[in-house]
Amino acid sequence: MRFPLLFRAALIVFPCLLTAQDWQPLFNGKNLDGWEVRGEGTWSILPDGVLLGQRSHPGEPAAAWPVTRAQYENWFYRQSWLYTVKSFGEYDLHIEYIIPSKMNSGVSIRDNSRAHYAIGEPDSARPDLVGPVKSTPAHIGYEIQIIDGRAPEKYLTGSVYTFVGAPAGLQREDEWNALDIESRRTGIRVKVNGKLAAEYAGDPARSLTGPIGLQLHDQFTFALFRNIRIREINASH
């Protein structure tokens, strides 16, 4: 899906409508200042400043075995996230990542639930995050997909998950990749390694602002991130 024609024309005719600040680091490469861990995940900073996210496996699928398929899948698909403490409006986001074989991750934007339902958090623990849509971040805000491309998958890396699929061949396997996300009131644009992956005008029912999150999709996912930075956009008057 393409951005509305009026939006494209406005950027050409009125280029001063949006002004960008300087790029600022979201992750300092030393600690998790400015971030909060959501769910059962362990986020470690390696000696070279790389952020490693992995699951902590504090429990088993059930207290007694054998378990049913439903019990196992409820445990297996319980997500974990790392969210920025701050929320953002319009911005450019740059993230570099490695997604190992068979792993599944993603970047959440505009999810004001902060994965409350995806991590199985009781409403009593965070009543401020309770909302009308009781689902994962992809169905409350938006999830930009990061996934190993060697397995069959409808939404490849760079997709706006459930809305717009990205083409194959943009991601380099077992190497560092660059993901760039442009979040505007009028749409979302995603690039993988400098090439256009997806554009989406946005769902009018969903928030235009919110935090940024890094996903560990299931109990066996791990992923590496570095050079996470943001350039906030201001509307000039």
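Read-outs throughout are calculated quantities, based only on the coordinates presented, and are distinct from any laboratory measurement. Because the structure is a prediction, the values reported are computed rather than measured. Cβ sites come from the backbone with ideal geometry, for glycine too, and all protein chains shown count toward neighbours.
I need the Kirkwood Rh of segment 136-235: take the reciprocal of the average 1/r across all distinct C-alpha pairs and report it in angstrom. Provide the component values of the computation, followed by the final result.
On the way: mean 1/r = 0.0693 Å⁻¹.
Across segment 136-235, the inverse of the average 1/r is 14.4 Å.
Cut-off 10 angstrom, C-alpha nodes, Gaussian network model of the chain. Which of Leu32, Leu129, Leu93 fluctuates the most?
Most flexible of the set in this elastic network: Leu129.
(i) 18.5; (ii) 18.0; (iii) 19.4: which one is Kirkwood radius over Cα pairs in Å as calculated from this entry?
Given (i) 18.5; (ii) 18.0; (iii) 19.4, the calculated one carries the label (i).
Relative to the Cα centre, what is the charge dipole magnitude of the chain, using +1 at the beta carbon of each Lys and Arg, -1 at the beta carbon of each Asp and Glu, and rounding to the nearest 20 debye?
Working: 25 positive and 26 negative charges, 96 e Å.
Dipole magnitude for the chain comes out near 460 debye.
For Ser159, which sequence-distant residues (separation of 5 or more, or a different chain) have an amide H within less than 5 Å of its own amide H, given hydrogens modelled in the peptide plane?
For Ser159, whose amide H was placed from the backbone, the distant partners under 5 Å are Gln145, Ala166.
Between Trp23 and Glu36, what is 0.36 nm times their sequence separation minus the Cα-Cα distance? Round to one decimal in nm.
On the way: separation 13, 0.36 × 13 = 4.68 nm, distance 2.15 nm.
Taking Trp23 through Glu36 to full extension adds about 2.5 nm, to one decimal.
How much net charge surrounds Val67 when only the other residues with a Cβ under 11 Å from the Cβ of Val67 are counted, with Lys and Arg +1 and Asp and Glu -1?
Details: positive: Arg69; negative: Glu60, Glu73.
So the surrounding residues net to -1.
With θ taken as phi - 60° and the coefficients 6.51, -1.76 and 1.60, list the Karplus ³J(HN,Hα) couplings across segment 140-146 in order, rounded to whole Hz; mark glycine and proline as x.
Here the 3J(HN,Hα) series is 10, x, 9, 10, 8, 5, 10 Hz.
Just want to confirm a number: the relative contact order over segment 5-235, from Cα pairs under 8 angstrom separated by 6+ residues, in percent. Walk me through the numbers on the way to the answer.
On the way: 542 pairs, mean separation 74.8, N = 231.
Value for segment 5-235: 32 percent.
Counting only C-alpha contacts under 8 Å and six or more residues apart, can you give the relative contact order of segment 121-191 as a whole percent?
Values: 71 pairs, mean separation 13.0, N = 71.
Once divided by the residue count of segment 121-191, the mean separation gives 18 percent.
Which of the listed residues, Ala118, Gln21, Gly213, is farthest toward the dipole's positive end in the chain, when Lys, Arg count +1 and Asp, Glu count -1 at the beta-carbon?
Of Ala118, Gln21, Gly213, it is Gln21.
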